[in-house]
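Reviewing the structure listed below.
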Amino acid sequence: MFTRKASQKLILSIAMFMFSSLIPQSGETCPFCSAPSLTFLEQVDESKAVVLTRWVSTKKSEGDEPASSVYEIVEYLKGPEAKLTRGTKITLPIYRKAKTENLFFFTAIGEKELEWNTPVEMTRPAFEYLKKAPSSKTSAKERLTYYVQYLENEDELIAIDAYSEFANAPFDDIEKVSSVMPRADLRKWILDPKTSSTRLALYGLLLGLCGQEEDIAVFREKILEPTKDFRLGIDGVMSGYLLLAKDEGIDLLNETKFKNPEAVFSETYAAMQALRFIWTYGKGRVSKQKLRESMRLLLDRADMSDLVIADLARWKDWGVQDRLMKLYGSEGYEIPAIKRSIIRFMLASIKDVPKNKKESGSLPEHAVKGKKYIEKLREIDPKTVKQAERFFFLN
């Protein structure tokens with residue numbers, strides 16, 4: 001029977017898992033960002049024709065006569081230029097009211113005949129921004145150098161598109177433009193409560209890449225803000241903090257998020273995400289051993305331990321084998337998911353044997369111990385061991 005508190009924690013755990021599952025782990029896009037739609041440049045690349053139009057008129061359907069809206073081309077960007085001259089009319093079978101001064105961004109697909117997509121209202125500055133944007137064939141550094149200056153543009157269309165370009169970029173590419181990042185603005189945006197929570201993670205990462213020693217105080221202020229709620233984006237801020245503060249910075253997360261029993265679950269989980277990020281992308285800024293030591297602290301949290309154990313296995317932290325055996329089936333750790341994580345940890349330790357050791361038959365201590373513990377677990381809990389082995393894989 002779940003208590004109210006346990007039920008709330010379960011719901012939050014599921015929500016956090018769903019959110020974290022959206023975070024790419026392969027380095028193909030910004031690890032903490034999500035772009036909601038295609039960027040303008042992607043739309044241009046995928047289209048056969050692109051024009052800017054103005055609304056002319058609209059008509060409701062009458063009897064067998066379908067609804068229609070008429071637009072007039074104002075400016076050409078891509079496509080069969082002879083057919084898309086200024087003043088050419090485009091009629092769509094939709095009813096849409098607008099004003100004659102309203103501009104719309106049109107894209108079309110089709111080989112022999114253009115098929116126009118639903119138009120998007122666009123400002124003239126946004127179209128000029130798109131026209132000036134570097135081609136997708138240019139280097140990532142050149143493209144992101146252009147987009148970084150528009151992240152908080154007053155035109156929302158421009159700001160969203162510029163953010164999306166960063167959200168779609170691999171972290172390694174983002175790192176290449178650290179010298180042109182607007183450091184002073186990033187400091188301000190991170191502390192501004194009006195900054196969109198969806199952008200906070202990106203701004204944290206950017207300041208972590210371009211920041212100076214005095215910017216550590218900005219990160220500390222944001223991380224230590226009192227909260228009882230889930231703060232979307234704080235994981236990116238914590239990651240940026242570790243990028244900048246390095247080994248010396250991890251103590252703050254240890255004391256306030258990992259060792260603190262009053263820490264909100266979502267804050268602790270965000271700090272754990274930061275450890276994962278630095279392990280993958282930190283390039284030695286924080287030592288691997290310090291990251292392992294911090295992750296181990298979370299073994300005291302039964303509600304997170306199955307995830308923690310999986311990370312420790314990926315990080316080959318075999319020094320916790322004895323501790324995990326003591327936790328197996330103990331109060332709070334009797335949940336099947338935790339038991340399976342411990343079993344898989346032991347299985348992974350057995351698999352981690354250098355090729356020369358395999359050939360000589362001389363197994364490392366952690367592999368010998370892993371075998372011993374698996375046999376012991378097979379005796380006391382054969383059913384769970386069988387379940388864990390069935391779905392065991394290394395990644």
> Structure shown: which of LYS246/LYS351; LYS290/LYS371; LYS326/LYS372; LYS131/LYS194; LYS316/LYS371 lie over 22 Å apart, alpha-carbon to alpha-carbon?
Replying inline: LYS246/LYS351; LYS290/LYS371; LYS131/LYS194
> Radius of gyration and Dmax for the chain's Cα atoms, expressed in Å?
Replying inline: 27.0, 86
> Given 0.36 nm per residue, what is the gain on full extension from LEU363 to THR227 after removing their alpha carbon distance, in nm?
Replying inline: 44.1 nm
> Top mean-square fluctuation among LYS288, LYS351, LYS257, Gaussian network model of the chain, C-alpha springs under 10 Å?
Replying inline: LYS351
> Once amide H atoms are built 1.01 Å from N in the peptide plane, which residues 5 or more positions from LYS78, or in another chain, come under 5 Å H to H?
Replying inline: VAL50
> In nanometres, what is the gap between the two model label sites at ALA184 and GLU248, each 7 Å from Cα along Cα-to-Cβ?
Replying inline: 2.5
> Classify region 80-132: rounded, prolate or oblate, from the alpha-carbon gyration tensor (a ≥ b ≥ c, eigenvalue square roots; a/c under 1.5 rounded; otherwise prolate if a/b is larger than b/c)?
Replying inline: oblate
> Once a ≥ b ≥ c are taken as the square roots of the eigenvalues of the Cα gyration tensor of region 240-355, is the result rounded (a/c under 1.5), prolate (a/b larger than b/c) or oblate (a/b not larger than b/c)?
Replying inline: oblate
>> Looking at the chain as a GNM with Cα springs under 10 Å, which of LYS48, LYS59, LYS355 has the largest mean-square fluctuation?
In response: LYS355
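Provide the net charge surrounding ILE158, with neighbours chosen by a C-beta distance below 13 Å and charges set as Lys +1, Arg +1, Asp -1, Glu -1.
-4
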> Going by how many other beta carbons lie within 10 Å of each one, how would you line up ASP306, ASP161, fewest first?
Replying inline: ASP306, ASP161
> Roughly how many Å is it from the Cα centre of region 29-106 to that of region 330-346, as a whole number?
Replying inline: 56
> Out of residues 5 or more away from SER57 or on other chains, whose amide H comes under 5 Å of its own, with H placed 1.01 Å from N in the peptide plane?
Replying inline: VAL70
> What is the distance, in nm, between label points placed 7 Å from the Cα along the Cα-to-Cβ direction at ARG323 and at ALA310?
Replying inline: 2.0
> So for VAL368, VAL308, fewest C-beta neighbours within 10 Å to most, what's the order?
Replying inline: VAL368, VAL308
>> Using a 10 Å cut-off around each Cβ, can you sort ASP64, ASP381, ASP229 from fewest to most neighbouring Cβ atoms?
In response: ASP64, ASP229, ASP381
> Near ASP45, within a Cβ-to-Cβ distance under 15 Å, what is the net charge of the other residues, with Lys and Arg +1 and Asp and Glu -1?
Replying inline: +1
>> Pick from LEU206, LEU298, LEU92 the residue whose mean-square fluctuation is largest in a GNM of the chain, springs joining Cα atoms under 10 Å.
In response: LEU92
>> Rounded to whole Å, give me the distance from the Cα center of region 115-161 to that of region 364-378.
In response: 57
> Under the Cβ-under-4.7 Å rule, which cysteines of the chain stay unpaired?
Replying inline: CYS210
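Taken together, the values in this text are just the output of simple stated rules run on the coordinates, not laboratory data. A quick note: this is a predicted structure, and the numbers were derived from the prediction, not measured. Don't worry about glycine lacking a Cβ; one is built from the backbone with ideal geometry, like all the others, and counts go over all protein chains shown.
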